[in-house]
Amino acid sequence: MSLWNVPLADIDLGDDEISAVTEVLRSKWLSMGAVTAEFERQFAAMVDVKHAFAVTNCTAALHLAHLALGAGPGDTVICPSLTCVATANAIRYTGASPVFADVTSTENCNISPESIAARLDATTKGICVVHYGGYPCDMDSIMALARRHGLYVVEDVAHAPGAGCWVTLPGNGQDRGGERVFKQCGNIGDIGCFSFFSNKNLTTGEGGMLTTNNDELAERIKLLRSHGMTSLTWDRDRGHSFSYDVTASGFNHRIDELRSALGLVQLRKLAANNQRRAEAVNRYHEKLAALEGITLPFAHYADLSSYHLLPIVLPADDQRPGFMQFLKECGIQTSIHYPPIHQFTYYRSCTSPAALPVTEQLGRRLVTLPLYPHITPRQIDAVVEAVTAWHSQYV
Ligand SMILES: Cc1ncc(COP(=O)(O)O)c(C=O)c1O
């Protein structure tokens, strides 16, 4: 039972997930095997990429992505500060350092291509973008910048499974160069990293996925995911090999069959649930638009979102604690996405100070309202009523 009349997030789990997990338990094969292979196959098809690798969470996916792309000591990788700390931590695991770029505006919480360009220097190895709240970044500008400077691009797609945008293929009229195509998030940069954490649009409790079209990167990811070993327990059980070599100092970032079984059921529900989220967001936006001084990020967004978060920006810096308390007293849970990473004690101690005025303003004023596929119109109206009551008293 939730403590809240309207919780911040909720997930769509039912009998299909219970049956799928039970079936795996009955099979008695729990570590990565045929169910995971099928989850990867179907996920790759959804994103329209050649390769997908399921892992234990998105943090592990990001770690493997930066490693496979060659980040290491002395390198820097540009990423937003307005994100989950995992985005930056994963860069640090490789020995490289994150360099924080600002986000675009209070209406667009995604990393700003102009700010990325301003942060480039001889140490820059790559860029890690985050499709904030499920809204794809300006990938045309970011990919063009990366190509011009020979940088890699990792997409942190934790919020954005099923989201996508129109991009221009590189090249000048050759091999479809210049053509506009619609691509899923996770199929635009070199590697996409997804999260299946328990509040995400597609959940397995903990879990993640890497996607790529690059065969060499795929081989490297496969190796690093499982101790640097050239064959898996599953391969040996199938009689495909008797032994193995170790060709890299790898990790155990593997998923298991129980979570892959959950993932397969959740994947079937993803598009419909994203659509339900879209309808909820439309209802919120229509009703909240009248409240002067409150900004609704991404309210006029043109590409395809997965509507993971519903952020609003309060009119003034000092209002958030009172606003969150007011909603709490109405039984409504809210959250903050995100306290900026560069202001955390640890990151203040290990990264150069950065001027990130938009991020810092959002860091003081952003609030996330409840959103999940089965939120009811009545629940949305209750949230809007509470926000309106707060607004009439304090703005
Ligand atoms: C943007 C972003 N990146 C990375 C992560 C890390 O994901 P995980 O919890 O699956 O490691 C999260 C988690 O919530 C996230 O929101």
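The values are calculated or read from the model by the stated rules, or taken from the named source; none is laboratory data. What you are looking at is a predicted structure, and each value in this text was computed from that prediction instead of being measured. Please note: Cβ atoms are built from the backbone with ideal geometry, for glycine as well, and neighbour counts cover all protein chains shown.
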Show me the helices (runs of 4 or more DSSP H) entirely contained within the stretch 1-78 in which 1 or more residues are surrounded by fewer than 21 Cβ atoms within 10 Å (Cβ to Cβ).
15-27, 34-47
Can you confirm whether F242 is surrounded by 13 or more Cβ atoms within 10 Å (Cβ to Cβ) and hydrophobic (A, V, I, L, M, F, W, C)?
no
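Conditions tested, residue by residue: (1) surrounded by fewer than 21 Cβ atoms within 10 Å (Cβ to Cβ); (2) under 11 Å from W390 (Cβ atoms); (3) away from the ligand (no atom under 14 Å from the Cβ); (4) hydrophobic (A, V, I, L, M, F, W, C).
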position: F298; (1), (2), (3), (4): no, no, yes, yes
position: A302; (1), (2), (3), (4): yes, no, yes, yes
position: Q319; (1), (2), (3), (4): yes, yes, yes, no
position: E329; (1), (2), (3), (4): yes, yes, yes, no
Matching residues in the stretch 188-204 - criterion: being within 26 Å of L371 (Cα to Cα) and either more than 13 Å from the ligand (Cβ to nearest atom) or in a strand (DSSP E or B) (or both)
G192, C193, F194, S195, F197
What do you reckon, is P315 closer than 18 Å to T388 by Cβ and in contact with a Pro (Cβ under 8 Å, 6 or more places away or on another chain)?
no
Which residue is surrounded by the most Cβ atoms within 10 Å (Cβ to Cβ), if the candidates are limited to the stretch 118-150 and must be within 16 Å of the ligand (Cβ to nearest atom) and of a type in the set (S, T, Y)?
Y132
Failed condition for A86, given (1) outside any helix (DSSP H, G or I); (2) of a type in the set (G, A, S); (3) under 14 Å from the mean Cα position of the chain (by Cα):
(1)
So, first residue touching a residue at least 24 places away in the same chain (Cβ under 8 Å) in the stretch 269-296, second residue aromatic (F, W, Y), Cβ within less than 7 Å, six or more apart or across chains; the pairs are N274/Y307; R277/Y307; A278/Y307; V281/Y307
Report yes if T211 is hydroxyl-bearing (S, T, Y), within 16 Å of the ligand (Cβ to nearest atom) and touching a strand residue (DSSP E or B) at 6+ places or on another chain (Cβ under 6 Å), otherwise no.
yes
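Got a number for residues in the stretch 213-239 being among the basic types (K, R) and crowded, with 17+ Cβ neighbours inside 10 Å? Write out each step before concluding.
Narrowing the stretch 213-239 to residues among the basic types (K, R): 220, 222, 225, 236, 238.
Now narrow it down to the ones that are crowded, with 17+ Cβ neighbours inside 10 Å: 220, 222, 225.
The qualifying residues number 3.
So which residues in the stretch 159-178 are small (G, A, S), under 20 Å from Y135 (Cα atoms) and either modelled with pLDDT under 85 or away from the ligand (no atom under 16 Å from the Cβ) (or both)? Show your work before the answer.
So the first thing to find is which residues in the stretch 159-178 are small (G, A, S), and the list is 160, 162-164, 171, 173, 177-178.
Okay, now just the ones that are also under 20 Å from Y135 (Cα atoms), so 160, 162-164.
G164, the sole residue that qualifies.
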Tell me, yes or no, whether the stretch 91-109 has at least one residue that is away from the ligand (no atom under 16 Å from the Cβ) and closer than 16 Å to R225 by Cβ.
no
Here are some conditions: (1) within 16 Å of the ligand (Cβ to nearest atom); (2) within 21 Å of I221 (Cβ to Cβ); (3) touching a Lys or Arg at 6+ places or on another chain (Cβ under 9 Å). A88 meets all but one. Which one does it not meet?
(3)
The residue from L30, L3, L67 that alone is farther than 28 Å from L120 by Cβ and at pLDDT 95 or above is L30
Give V153, V181 a once-over and let me know the one that is away from the ligand (no atom under 16 Å from the Cβ), free of Cβ contacts under 8 Å to residues at least 40 places away in the same chain and assigned to a strand (DSSP E or B).
V181
Can you name the helices (runs of 4 or more DSSP H) wholly within the stretch 258-372 that have at least 2 residues being of a type in the set (A, V, I, L, M)?
320-329, 357-365
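Do we find a residue being in contact with a Cys (Cβ under 6 Å, 6 or more places away or on another chain) and within 24 Å of N274 (Cβ to Cβ) anywhere in the stretch 21-31? I'd like the intermediate steps shown before the answer.
As a first pass, look at the stretch 21-31 and keep what is in contact with a Cys (Cβ under 6 Å, 6 or more places away or on another chain): none.
Taking every residue of the stretch 21-31 in turn, none turns out to be in contact with a Cys (Cβ under 6 Å, 6 or more places away or on another chain) and within 24 Å of N274 (Cβ to Cβ).
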The stretch 273-287 - residue that is over 10 Å from V384 (Cα atoms) and of a type in the set (K, R) and, of those, surrounded by the most Cβ atoms within 10 Å (Cβ to Cβ)
R277
Among the residues of the stretch 104-114, count how many are assigned to a helix (DSSP H, G or I) and touching a residue at least 24 places away in the same chain (Cβ under 8 Å).
1
